[in-house]
Amino acid sequence: MVDDVPRPMGRLGSTYGLKGYLRVQSFTEQPENLFDYSPWFIRRRGEDWREVQVEAWKPHGDTYIVKLESVDVKEEAALLTGMDIGIKRSSLPALSDDELYLTDLIGCTVIGLEGVNLGIVTRVVDHGAAPIMEVSPSDQTKGEPQQRLIPYVKGPIVTQVDLDAKTIWVEWGEDY
């Protein structure tokens with residue numbers, strides 16, 4: 001099994017109300033699926049994960065709000081805003097052979113046109129049309145190193161993914 005450390009699957013947003021609720025940004029394909037997984041882990045980037053329990057959640061407009069156990073007032077919730085929500089692999093459903101979790105792309109080397117190493121995937125965000133891989137600069141590209149945003153679109157852009165080798169091949173030039 002792939003490591004069972006929590007992987008970012010969402011983020012805690014701003015506070016809502018006076019009873020400790022927080023807005024939630026879900027990175028799952030169906031946003032409400034985030035609430036099917038337990039336990040949650042939260043952290044700020046660069047810090048260690050800590051386990052939390054979801055006490056209650058509900059839809060709010062086109063998003064969701066959540067109440068975490070032992071967070072009972074707005075001031076306590078405010079300390080958690082902006083934290084990543086992580087889920088362990090063992091809490092997620094099994095995938096078929098041709099499926100992957102977008103979070104598995106993090107840490108993969110991206111190889112572009114003519115075999116150029118474009119960098120390493122540092123984050124994957126999904127805002128609708130297609131997930132976007134944020135790729136850190138590689139010292140093997142020409143010109144000024146720059147972060148790249150590459151859409152994760154199978155076929156025309158992403159031609160092959162080898163998670164065992166942590167490598168993604170893309171139809172993407174270093175000057176795009």
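The values are calculated or read from the model by the stated rules, or taken from the named source; none is laboratory data. Everything numeric here is computed off the predicted structure, so don't read it as measured data. Neighbour counts are summed over all protein chains in view; Cβ atoms, including those assigned to glycine, are modelled from backbone coordinates with ideal geometry.
Does at least one position in the stretch 150-162 carry a residue that is surrounded by 19 or more Cβ atoms within 10 Å (Cβ to Cβ), within 30 Å of TYR21 (Cα to Cα) and at pLDDT 95 or above?
no
In the list GLU55, GLU32, GLU76, which residue meets the criterion of being without any contact (Cβ under 8 Å) to a residue 24 or more places away in the chain and either touching a helix residue (DSSP H, G or I) at 6+ places or on another chain (Cβ under 7 Å) or farther than 19 Å from ARG89 by Cβ (or both)?
Details: GLU32 fails: without any contact (Cβ under 8 Å) to a residue 24 or more places away in the chain; GLU76 fails: without any contact (Cβ under 8 Å) to a residue 24 or more places away in the chain.
Going through GLU55, GLU32, GLU76 in turn, the sole match is GLU55.
On the given criteria, is GLY112 surrounded by 11 or more Cβ atoms within 10 Å (Cβ to Cβ) and in the same structural domain as VAL24 (by TED's automatic domain parsing)?
Working: surrounded by 11 or more Cβ atoms within 10 Å (Cβ to Cβ): yes; in the same structural domain as VAL24 (by TED's automatic domain parsing): no.
When the stated conditions are applied, GLY112 does not pass them.
More than 30 Å from GLU171 (Cβ to Cβ), at pLDDT below 90 and acidic (Asp, Glu): is that true of ASP4 in this structure? Give the derivation first.
Details: more than 30 Å from GLU171 (Cβ to Cβ): yes; at pLDDT below 90: yes; acidic (Asp, Glu): yes.
So ASP4 fits the description; yes.
Which condition number does MET9 fail, the rest of (1) among the hydrophobic types (A, V, I, L, M, F, W, C); (2) in a loop (DSSP other than H, G, I, E, B); (3) under 23 Å from LEU163 (Cα atoms) being met?
In the conditions (1) among the hydrophobic types (A, V, I, L, M, F, W, C); (2) in a loop (DSSP other than H, G, I, E, B); (3) under 23 Å from LEU163 (Cα atoms), MET9 misses (2) alone.
Would you please name the residue that is nearest to LEU113 (Cα to Cα), looking only at residues in the stretch 133-147 that are modelled with pLDDT of 85 or more and either within 15 Å of the chain's Cα centre (by Cα) or of a type in the set (Gly, Ala, Ser) (or both)?
Per the criteria, the residue is VAL135.
Give the residues of the stretch 14-31 that are modelled with pLDDT of 95 or more and assigned to a strand (DSSP E or B), sorted by residue number.
SER14, THR15, TYR16, TYR21, LEU22, ARG23, VAL24
Are any of the residues in the stretch 88-107 surrounded by 13 or more Cβ atoms within 10 Å (Cβ to Cβ), free of Cβ contacts under 8 Å to residues at least 60 places away in the same chain and assigned to a strand (DSSP E or B)?
no
Looking only at the stretch 65-79, which residues are of a type outside the set (Gly, Ala, Ser) and either outside any strand (DSSP E or B) or outside the structural domain of GLU32 (by TED's automatic domain parsing) (or both)? Let's see the steps before the verdict.
Let us first name the residues in the stretch 65-79 that are of a type outside the set (Gly, Ala, Ser), namely 65-69, 71-76, 79.
Within the stretch 65-79, GLU69, VAL71, ASP72, VAL73, LYS74, GLU75, GLU76, LEU79 qualify.
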